Amino acid sequence: MPVVDADLQKLLDHVEANREAFIARLMGYVRHPSISATNVGIREVASMLVDMLSALGMEAEAIATRNHPIVLGRREVSADKPTVLLYGHYDVQPPDPLDFWESPPFEPTIRNGRIYARGVGDNQGQHFAQLLALETHLAVHGELPCNVIFLLEGEEEIGSPHIAEFVREHADRVKADLVITSDGPLHESGLPVLIFGARGVTSFELRAKTARRDVHSGNFGGVVPNAIWKLVHLLSTMKNAAGEITIDGLVEPVIPATEAERDAMSKLPIDLERLKAELGFDELDAPKERGYFDRLMFHPTLTINGFHGGYDGAGSKTVLPCEAFVKCDIRLVEPLTPEYVLEKVALHVARHAPDIDLLPLSGMLPSKTPMDSPYAEPIRRGLLAARGVEPLLYPTLGASLPDYVFTKILGVPAFIVPYANADEANHAPNENLKIECFIDGIKSGLAILAELGTLSR
């Protein structure tokens, strides 16, 4: 266990002294729905957050976008200190299906050391922990250790369609030296995690139509083309049985992982047999020789999300379907962009099945911060001081977050420091946050800020 200096110990003691009050306040916060998909409670919760940030002496307001507002707060300490932007999102997923919740999703309930509520893990409990870290510094020391910007988005759960536009328009107001996002889960062991990037994503549909109507598979089988088969044949040209994406030009630009990234990856623990047993599968997807974290961090993927067409009712129906469509996504690594990848997909479709329609959907750029960033070490030290153990270092996430707006638009390093338990069930019924994870999140946040405050610009 590392030795904790006296100033940090005062902060940690304050959190313990206010533990029950902090828990009660979190439960009061997540009681308010803020569902971006249906615009339920969004402006009410944004207004609440403006009040919370203003109470911390921040210049705070809810700024309109073309849909849901972004909450922005700022407190300046010294031009000689770094400015950290804390990103989170106040919108939550719809709670459906309601029948699977053991307690109502917006009536926070404590069971077995966890708070159960929609949004408590993703992401309200995590950015509320950051907010309480700021409050603790102010309560104990009277000031923050560095300059802080709080940016809370209201559209993350619907793909963050306007945050890039917002950051471009308000670049002067969100100018920072680094960004920290507290979102997502800890490692399944409960160990703290420091993440340096996220894969991007692009989604699309492929649609086939071969006739005006479905026909009898006996009377017209072998005569009228089958829309489902057309899609099957096309998909088989896009990825082979060895797990290789075979779309010309798509994977060739991928930048190989650095030695530091591969070294960090090699130290990440994984109980693969337990994971297989838990999810009920016997072997990893192809390619067989690729390691678990290698798959998630350093390679693009092509996924069929859903295949639709023809008859799917009870019994059989000897019909030849005239229409079918498939939904796909491709996860992106540097330097791939949604535009580049969709261009390669379009060329591939035109070459192999020109009568199939390609419909681009949403997209998000990948993001990567070098592991030798000068801000990585103080964040690591802060996590070590707060948690008493070294954090696991993830070169990148397999999933996608809008980190690119910070690394590519603002041009600053961005880090992800999650506080939620690995089994938080975010986006699912019975979403939850372990109380100890919440308290540890507050402590981690204030220790990281303290370490950043030792730096000079």
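The values are calculated or read from the model by the stated rules, or taken from the named source; none is laboratory data. Quick caveat, the model's predicted, so the values are computed rather than measured. Cβ atoms come from the backbone with ideal geometry, glycine included; neighbour counts cover every protein chain shown.
Structure summary
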{"item": "Within segment 186-207, tally of residues that are in a strand (DSSP E or B) and closer than 30 Å to L235 by Cβ", "result": "10"}
{"item": "In segment 392-406, the residues that are surrounded by fewer than 22 Cβ atoms within 10 Å (Cβ to Cβ) and modelled with pLDDT of 95 or more", "result": "L392, L393"}
{"item": "Search result, residues across segment 329-365 that are part of a loop (DSSP other than H, G, I, E, B), among the acidic types (D, E) and more than 18 Å from P300 (Cα to Cα)", "result": "D355"}
{"item": "S217 vs. criteria touching a Leu at 6+ places or on another chain (Cβ under 9 Å) and among the hydroxyl-bearing types (S, T, Y)", "result": "yes"}
{"item": "Answer from A64, A21 - the residue that is free of Cβ contacts under 8 Å to residues at least 40 places away in the same chain, closer than 19 Å to L134 by Cα and small (G, A, S)", "result": "A21"}
{"item": "Verdict on S367 being in contact with a Ser or Thr (Cβ under 6 Å, 6 or more places away or on another chain), of a type in the set (S, T, N, Q), touching a residue at least 40 places away in the same chain (Cβ under 8 Å) and buried (at least 23 other Cβ atoms within 10 Å of the Cβ)", "result": "yes"}
{"item": "Test result for E273, under 28 Å from P335 (Cβ atoms) and loosely packed, with under 11 Cβ neighbours inside 10 Å", "result": "no"}
{"item": "Criterion: on the phi > 0 side of the Ramachandran plot and assigned by TED's automatic domain parsing to the domain that holds K327 - qualifying residue of G222, G280", "result": "G222"}
{"item": "Answer residue from segment 86-109, given it is aromatic (F, W, Y) and in contact with a helix residue (DSSP H, G or I) (Cβ under 9 Å, 6 or more places away or on another chain) and is nearest to I70 (Cα to Cα) among those", "result": "Y90"}
